[in-house]
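Enquirer: Would you mind keeping the following structure in view while I ask a few things?
Here, each number is a calculation from the coordinates, and none is a lab measurement. In this text the structure is predicted, and so the values were computed from the model without any measurement. No Cβ is skipped: glycine too gets one built from the backbone with ideal geometry, and neighbour counts run over all protein chains shown.
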Amino acid sequence: MSPDRNDTPTATAAARALERASARLLALQDPSGWWKGELQTNVTMDAEDMLMREFLGIRRDATTAQSAAWIRSQQLPSGAWNIYYGGPRNLSATVEAYVALRLAGDPAEAEHMKGAAEQIRAMGGVERTRVFTRIWLSMVGLWSWDDIPALPPELIFLPSWCPLNIYDFGCWARQTIVPLTIVAAHRPVRALSFDVDELRAGAPPRTRESLRTWRGRFQLLDRILHRYERRPWQRLRQHAMRVAAEWIVRRQEADGCWGGIQPPWVYSMMALHLLGYPLDHPVLKQGLEGLEGFTIVEGDTRRFEACQSPVWDTALAMVALRDAGFASDHPALLRAARYMLDEEVRVQGDWAVKRPHLEPGGWAFEFQNDNYADIDDTAEVVLALDGLAHPDPAEIEGAIERALHWVWGMQCRDGGWGAFDVDNTQQLTRELPFCDFGEVIDPPSADVTAHIIEMMARRGRGDDPRLARAIEWLLREQEPSGSWFGRWGANHLYGTGAAVPALVEAGVPRAHPAIRRAVRWLESCQNDDGGWGEDLRSYDDPQWHGLGDSTASQTAWALLALLAAGERSRAVDRGAAWLARTQREDGNWNEPQFTGTGFPRDFYINYHLYRIVFPVMALGRYLEKRA
């Protein structure tokens, strides 16, 4: 990591930047071996945490004041709230923030509240919020359960071969839907001391779709189910709720969470409480205690993480340090490897519904989430562990081989990979009336498939026909522009930054037309300052593909692709120079932009570690190419 790796000014500056960044990254490692950056989302997490505590009767003034202070600090000058940095106003987020602040004691006559109410009415009023928001409002008496799409708990009885069974939904959706069916069946109302009539805009009822469309047919089905809800067959209903409750309890993780993410966690606790579980029951007690580990208190504010990403962050940090030139037996890497080996998932999760005879292996995303091992994380962990000079190489090899076997078994029939499930592609689920809260299925994606291809090629599986199918799939997914869509990162810069290195690692020639198209696209969207950025509006508007303010993580993704393609161009030098020039004195980079994706168009993430791990990778590979 010495500045004299070569004598060009850009390379010298890049080497110094890499040295500072590597030192900073090392300093962020936990003594237990893992790395974890904050996973920042939006204020709906804080509003819903406050509403959940009110619903369960455990809301306290001190934590309410801290959460309210955080929510107020995120309000836009217009009076609304958004769901990512620099993004437009968002109706549902603004309504949830408004209700939470009213719950905290902010009067409707306060200027910031009047501004919020005005924005809500201008966006269509509370009548146009998402289903999730209206469910929360129904639970506290601010909306009618009659106007919520039906969610019968009898859904749990549909066999896995039947359309619209719970396993047709992505893991995050099914974990949320099952407890919601219990909540919806009870139609609870814990009325607040105020109403929100000032948030209504008088919008007309939503238009009924034609019965010639699936959406229209599901609207008709919803009306039929609402009639059933008035007088359900009680023996069947009670049995369904018992089975659903057992399903929920079996999936609680060791730290008290469900799936390591906020929505199923809070809904599961409320569902079980409605079924009579007291708050001191071990399941609920552990769930409530676990939530405290997801809160961040700074000064007089308190904010809630929707999820935590230690396995993902640790794998990326390990790859980055190896790219920076750290020895394969460096103590930090060996500590991280020990943590990773201890986190290996050795139990079957929901994926086994479609792959019952597949032996488990791989890793999840979170501290605790054995029920939902993650294919993408598994690929990155294998890349991190591969080639380490570990004192027990057989232990490393055993974990890697189990992971490879599991990942092969999770390949979808079209050749690609999703993140958690296999062939989770039932498009009908998207048409259901209650599915307006983001992506509800887990089809193969270019970024995940690329990481698998890179992993398999690195491990010498280049001649496997299954890998050839994956490469063909990835090449088919390339956009006409030359980029690839980014399902789990923003957006085409992320997809392209994953696809090009994977294809080259797998033996696709750098002169291949797909690689050349990708290079031309990347060069065409480089910013004048030398960096790259892509605004999250690119998920809605193709004109934003590859366009946005330069960020450290997205500049690194572009460089990783260009370097893999063999480029030693002015574009590459300018990108490296931008990273060196914009680095902070402490070795990190400023990046308020959200460059992670939960659900395109609906839920975005600022991974606080992205701004350092990916630049370290890019600078390390840049200097290696120039050595």
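Enquirer: Applying the Karplus parametrisation 6.51 cos²θ - 1.76 cosθ + 1.60 with θ = phi - 60° to the phi angles of segment 60-74, what ³J(HN,Hα) value in whole Hz is obtained for each residue in order, glycine and proline being reported as x?
Expert: For segment 60-74, the Karplus-derived couplings read 10, 4, 5, 5, 4, 4, 5, 5, 5, 4, 5, 4, 4, 5, 9 Hz, x marking Gly and Pro.
Enquirer: For segment 137-151, in order, what is each residue's ³J(HN,Hα) by Karplus, 6.51 cos²θ - 1.76 cosθ + 1.60 with θ = phi - 60°, in whole Hz (x at glycine and Pro)?
Expert: Taking θ as phi minus 60°, the curve returns 5, 5, 5, 10, x, 9, 8, 8, 4, 5, 9, 9, x, 5, 9 Hz for segment 137-151.
Enquirer: Sorting check: for 465-477, 257-269, which peptide has the highest mean count of neighbouring beta carbons within 10 Å, and how do the rest follow? Don't skip to the end; give the middle numbers.
Expert: Numbers: 465-477: 16.8, 257-269: 26.1.
Ranked by mean Cβ neighbours within 10 Å, highest first: 257-269, 465-477.
Enquirer: Another question, if that's okay. How much length, in nm to one decimal, is gained on full extension between Ala69 and Ala394, taken as 0.36 nm per residue of separation minus their Cα-Cα distance?
Expert: Details: separation 325, 0.36 × 325 = 117.00 nm, distance 5.17 nm.
Roughly 111.8 nm would be gained on extension.
Enquirer: Remind me, relative contact order of the chain in percent, using alpha carbon pairs under 8 angstrom and six or more residues apart? Kindly include the intermediate steps, with their values, before the conclusion.
Expert: Values: 1137 pairs, mean separation 106.0, N = 627.
That works out to 17 percent.
Enquirer: What is the distance, in nm, between label points placed 7 Å from the Cα along the Cα-to-Cβ direction at Tyr85 and at Ala627?
Expert: Distance between the two pseudo-spin positions: 3.3 nm.
Enquirer: In addition: With contacts defined as alpha carbon pairs under 8 Å and 6 or more residues apart, what's the relative contact order of segment 44-304 in percent?
Expert: Details: 320 pairs, mean separation 56.8, N = 261.
Relative contact order here is 22 percent.
Enquirer: In whole Å, what is the distance between the alpha-carbon centres of segment 144-196 and segment 445-512?
Expert: Using only Cα atoms to place each centre, the spacing works out to 37 Å.
Enquirer: Can you give me the distance in nm between label points at Leu334 and Asp146, each placed 7 Å from the Cα along the Cα-to-Cβ direction?
Expert: So the label points at Leu334 and Asp146 sit 7.0 nm apart.
Enquirer: Consider just the alpha-carbon atoms of segment 44-304 and return their Rg together with their Dmax, both in angstrom.
Expert: In Å, with Rg to one decimal and Dmax whole: 18.8, 56.
Enquirer: Using mean Cβ contacts within 10 Å as the protection proxy, how do 328-336, 224-232, 409-417 order, highest first? Let's see the in-between values first.
Expert: On the way: 328-336: 16.8, 224-232: 12.6, 409-417: 19.9.
Final packing ranking: 409-417, 328-336, 224-232.
Enquirer: Right, something else. Rounded if a/c is under 1.5, else prolate if a/b beats b/c, else oblate: with a ≥ b ≥ c from the C-alpha gyration tensor eigenvalues square-rooted, which is segment 406-542?
Expert: On the way: a/c = 2.25, a/b = 1.06, b/c = 2.13.
Verdict is oblate for segment 406-542.
Enquirer: Take the Cβ-Cβ distance between Ala511 and Ile296 as r, set R0 to 45 Å, and report the resulting FRET efficiency rounded to the nearest 0.05.
Expert: Efficiency for this residue pair is about 0.40.
Enquirer: How much net charge surrounds Trp136 when only the other residues with a Cβ under 9 Å from the Cβ of Trp136 are counted, with Lys and Arg +1 and Asp and Glu -1?
Expert: Values: positive: Arg134; negative: Glu48, Glu96.
Neighbour charge sum, excluding Trp136 itself: -1.
Enquirer: How big is the dipole moment of the chain about its Cα centre under a simple scheme where the beta carbon of each Lys and Arg is +1, that of each Asp and Glu is -1, and everything else is neutral? Debye, nearest 20, please.
Expert: Working: 68 positive and 84 negative charges, 302 e Å.
For this selection, approximately 1460 debye.
Enquirer: Quick check on the chain: helices-only [θ] at 222 nm, where DSSP H runs of length 4 and up contribute -39,500 (n - 2.57) each and the sum goes over total residues. Nearest 500, please. Before the final figure, lay out each step's value.
Expert: On the way: 22 runs with 300 residues, N = 627.
So the helix-based figure for the chain works out to -15500 deg cm²/dmol.
Enquirer: Could you tell me which of rounded, prolate or oblate describes segment 292-416, using a ≥ b ≥ c as the square roots of the eigenvalues of the alpha-carbon gyration tensor, with rounded for a/c under 1.5 and, failing that, prolate when a/b is larger than b/c and oblate otherwise?
Expert: On the way: a/c = 2.08, a/b = 1.12, b/c = 1.86.
Oblate shape, in that a/c is at least 1.5 and b/c is the bigger or equal ratio.
Enquirer: Could I ask something else about it? In µm²/s, what is D for segment 1-145 at 37 °C and 0.692 mPa s, where D = kT/(6 pi eta Rh) by Stokes-Einstein and Rh is the Kirkwood radius from Cα pairs? Write out the running numbers ahead of the final one.
Expert: Working: Rh = 18.1 Å.
Translational diffusion coefficient: 182 µm²/s.
Enquirer: Also, I was wondering about something else. What net charge is computed for the residues neighbouring His112, neighbours being all others with C-beta under 10 Å from the C-beta of His112, Lys and Arg scored +1, Asp and Glu -1? Mind showing how you got there, number by number?
Expert: Numbers: positive: Arg72, Lys114; negative: Asp106, Glu111.
Residues close to His112 contribute a combined charge of 0.
Enquirer: Grab the beta carbon distance between Arg227 and Leu275, set R0 = 22 Å, and tell me the FRET efficiency rounded to 0.05.
Expert: Working: r = 24 Å, r/R0 = 1.10.
Computed FRET efficiency for Arg227 and Leu275 comes out at 0.35.
Enquirer: Would you please classify the overall shape of segment 502-605 from the alpha carbon gyration tensor, given that a ≥ b ≥ c denote the square roots of the eigenvalues, rounded means a/c under 1.5, and beyond that prolate means a/b larger than b/c while oblate covers the rest? Spell out each step's value before the answer.
Expert: Values: a/c = 1.78, a/b = 1.18, b/c = 1.51.
Note, shape of segment 502-605 comes out oblate.
Enquirer: Give the share of C-alpha pairs in each 20 angstrom bin for the chain, from 0 to the last occupied bin, in whole percents, shortest bins first.
Expert: 19, 53, 26, 2
Enquirer: A further question follows. Using the Cβ atoms and a cut-off under 15 Å, what net charge is assigned to the surroundings of Thr181, where Lys and Arg are +1 and Asp and Glu are -1? Can you show the working numbers first?
Expert: Numbers: positive: Arg174, Arg187, Arg237, Arg242, Arg251; negative: Glu154, Asp168, Asp222, Glu229, Glu246.
Charge balance near Thr181 sits at 0.
Enquirer: Let me ask something else. How far is it, in nm, from the label point at Ala23 to the one at His405 when both lie 7 Å from their Cα along the line to the Cβ?
Expert: If labels sit at Ala23 and His405, their model points lie 4.6 nm apart.
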